[in-house]
Each structure stands twice: as C-alpha cells, then as structure tokens.
1. Filter segment 256-313 down to the residues that are assigned to a loop (DSSP other than H, G, I, E, B), over 24 Å from Asp336 (Cβ atoms) and out of contact with any His (no Cβ under 6 Å at 6 or more places or on another chain) and list them by number.
2. Only residues that are under 30 Å from Asn384 (Cβ atoms), touching a helix residue (DSSP H, G or I) at 6+ places or on another chain (Cβ under 7 Å) and β-branched (Val, Ile, Thr): list them for segment 162-196, please.
3. Pick from Leu292, Leu285: which is modelled with pLDDT under 95 and closer than 22 Å to Asp223 by Cβ?
4. Name every residue in segment 362-408 that is over 21 Å from the mean Cα position of the chain (by Cα), in a loop (DSSP other than H, G, I, E, B) and under 28 Å from Thr173 (Cα atoms), in order of residue number.
5. Just the residues that are more than 28 Å from Arg404 (Cα to Cα), part of a loop (DSSP other than H, G, I, E, B) and of a type outside the set (Phe, Trp, Tyr), please, taken from segment 70-116.
6. Just give me the residues in segment 6-29 being more than 18 Å from the chain's Cα centre (by Cα) and over 12 Å from Arg392 (Cβ atoms), in sequence order.
7. Among the residues in segment 28-46, are any in contact with a helix residue (DSSP H, G or I) (Cβ under 6 Å, 6 or more places away or on another chain), within 28 Å of Lys199 (Cβ to Cβ) and assigned to a loop (DSSP other than H, G, I, E, B)?
Amino acid sequence: MKILYLSQYFPPEMGAPSARVFELSRRWVEKGHEVTVLTGFPHHPTGVIPSQYRQHFFKREKIDGIKVIRTYVYPTANKGFIKRIANYLSFMFSSLLLGATNIHEIDVIIATSPQFFVAIAGFIISKMKNRPLVLEIRDLWPESIVQLGQLKNRTIITILEFIEIYLYRKAHTIVVVAESTVPILKNKGIDPSKIRVVKNGVDLELFDPARTNSSLKRSLSLDQKFVVSYIGTLGLSHALDKVLQSASILQNNSDIHFLLIGEGAEKDHLKKLTKSLNLTNVTFLDQINKQLLPDYYGISDIVLVTLRKLPLFQCVIPSKIFEIMAMGKPVLLTVDGEAREMVINQAGAGIFVEPENFQEMALTITDLCKNRSSLTDYGSNGLNFVRTNYDRLTIADNYLAYLRQIIE
C-alpha cells in the first residue's frame, strides 16, 4: 500500500500532530508499506527554521524509512492571528504547487488537522490523483478558533463553516481522535458510517517508567521539592495564568515547586505575570527534545493537564495524558468531558479539578503533597490502563486495517 500523509507538522517539530504522524508512519513502514509525508519546514512553535533547512523551498528526506517531502512555509511564531493564517495558507499553496506535482503513485491520502487548510489541500490532491481522501480531524475548525475568541467576523465564520461541511461530505472517511467528536459531526449532517475513531496513543518503548535521571532534579535545584510539572504548549487554550495563581497561593509552602516546560504564544505573558506576582516557586524551561521528555516526567511528582473552561474542550483528549500515564505519574486534570471520563473514571490515574479553578487546584496540590501514598496508586493505575489500551503500535495496526478497507 502507498500512503500519502499530509501534515504541516512533522519532526523535528514537537507536539501531538507531529508525533502522531511520525509514529503511525514509522509503524506502517515497518509493516512493509510505502509512506510519503508531505509537510513543511520545521519552525513550530518558535517561528525559527533550523539552520539545516534554511534557504530551501523544497527538500526530500528519508527518516526511519518514511519518505518526507518538505515544501515552503512562511515561518512565524505561534502567536498573532494574521501571521498564523499566512503561515497556514503558505503551506497549503506550496503543498499543492511543489508537493503534489512531485508525488506520483499513491493509493490513499490522509490529510490531518490542525490546521484547516491542510484539509483543503488534501481534498484538492485527492481530486488531482483520483484517490480516496481520509480526513483526520484533531481539532474542529472553525469552532475552535471561534470559541477561543480569535475569530469574530460572522461572514468569515459562515464561509469557513460551509467549507468545513463540504470537506466532511466529500471525504471518503473521517478519522477522529475522540469518541465525543462523533455526535458533533452527526449533528452537522455527516453520515456516521464514514466516521472512524482512532485515538492517540503512546510509544511505550520511549515512555518507560523505569527510566530515571537522578542528576536532573539536582541540577535544577529541586532535590527536596514536590514538583508540579506542566510540559507542552504554553498557549491561549491552556489557562496557565490560573496555574500561576495557584502557585501564588502556595508561595509560602517551601516544599512545592512548579515547573513549566515549553514554548507558545503565552510564554512571554506568563513570565511577566510570574514576575509581577513575585513568584519564587516557579521555573520556566525552554522546549526540550522529545527523547528527553521521559526524564522530565520522571522528576515530577504530579503532572498538570490544563485547558480553559470552554464547551469545545469537553470533546478532546490531550495526547500528553497518554505519555504521563505511561510514565506512571499521576495526572492533575482540569479538562472536563471525555478526558475526565477516561483518566479519572476509567483509569483511576489522577484527580480532576474544575477548569480554571485555581483555588481548588492549590488545595488539591497541597493535599497530594501531604498524602503522597496515593500518588503511587494513581501512577500504577494509569500505567496499567495505557499499556492495555493505548499502545501506539496496536493503534497504528488498527488504523492500517481501515486504510486497507478503503482501498479494497
């Protein structure tokens, strides 16, 4: 089988989209299939293209057996709505003009969001090549940017919603990453028989709780601290200002320290807020290589998974949840809906706190710090749950079976 996977994000970029595309593609190559990833030049979320990729408009690579075609993208940091739209459009056009013309024999096309314009490019390529389109929906556009307040023009919203429904109807198959997305699409008039749920999972070889780095905690001067970590995008969606307000409440508890690792649109604002609140119990670290993530999970006592209190986020399962559970660490979750049902009710892998309720978060962290015996149980529960249900190799094999059905 010859698979074309269209994604704006791919390693060495970090984040859920690039990890999913890479790990699924690598598994399919291992199973004897030919996978081509059509992607942009890495720059997310800082807007800086690594030196080895600069001065290129088009580049071919081979990574772990995956054929990678990179096309031009207007690089910009993950902030500023207009610049981000320009970034998205640049990849859409370059993937069509430079990418599609350099791809020949394929059996099926997968176009993955975010972002919205990748789906448009995928649809056009599917028509050019006369091959079935699998539309992979990770975030609902334009609903997500509307609820975040980034788009308010009613005319533009109506146009984008029309394109959204058109693409759903024209796709051969729609793959979603959460069960709760299915009824939303059904309510939009989409035939449920064409929808498949393929959730995210985790690389259990990389995220191994036996992996430890005893010197790391010491190097960060956190040896005697109860470490509360947030690892990921520091973005508009994540309500991290509320985490800092919790840190402010706990400022006098010398045992507890907050560790925020990553990049994103809100990082500068969060650093300024930390300074204005005179917080000495918060440390920021820059984005780290994925291969080092297990070390930082390993020094954490609890790990935060936070999102704002919006209806949209009741239908998402942040992919970092699987990594945290695979590392045997308890989750402090401020995401309601399907994520809460899975992590708290099914897995018993942590504690739920109402989204954006920083007082409740502070109280919960204090209780966990005082009663650390429960942390082992939460961690063990999560590890067993994810090993049983969310090994990415198994998920990749199930996805591959769907692709075979489509081609047949």
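1. Glu263, Leu277, Asn278, Leu279, Thr280, Asp286, Gln287, Ile288, Asn289, Ile299 - these are the residues of segment 256-313 that are assigned to a loop (DSSP other than H, G, I, E, B), over 24 Å from Asp336 (Cβ atoms) and out of contact with any His (no Cβ under 6 Å at 6 or more places or on another chain).
2. Here is the first cut: in segment 162-196, the residues under 30 Å from Asn384 (Cβ atoms) are 175-183, 195-196.
Narrowing the set further to residues that are touching a helix residue (DSSP H, G or I) at 6+ places or on another chain (Cβ under 7 Å) leaves 176, 178-182, 195-196.
Across segment 162-196, the qualifying residues are Val176, Thr181, Val182, Ile195.
3. On the way: Leu285 fails: modelled with pLDDT under 95.
The match here is Leu292.
4. Glu408
5. The answer is Val73, Pro75, Thr76, Ala77, Asn78, Lys79, Gly80.
6. Residue satisfying the conditions is Val29 alone.
7. There is no residue in segment 28-46 that is in contact with a helix residue (DSSP H, G or I) (Cβ under 6 Å, 6 or more places away or on another chain), within 28 Å of Lys199 (Cβ to Cβ) and assigned to a loop (DSSP other than H, G, I, E, B).
Each row is one residue, and each column tells you yes or no for (1) in the same structural domain as Ile321 (by TED's automatic domain parsing); (2) surrounded by 17 or more Cβ atoms within 10 Å (Cβ to Cβ); (3) touching a Leu at 6+ places or on another chain (Cβ under 6 Å).
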position	(1), (2), (3)
Phe123	no, yes, yes
Thr158	no, no, no
Ile174	no, yes, yes
Leu185	no, yes, no
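The values are calculated or read from the model by the stated rules, or taken from the named source; none is laboratory data. Worth saying up front: this structure is predicted, and the values here are computed from it rather than measured. Positions of Cβ are generated from backbone atoms using ideal geometry, with glycine treated the same way; all protein chains shown enter the neighbour counts.
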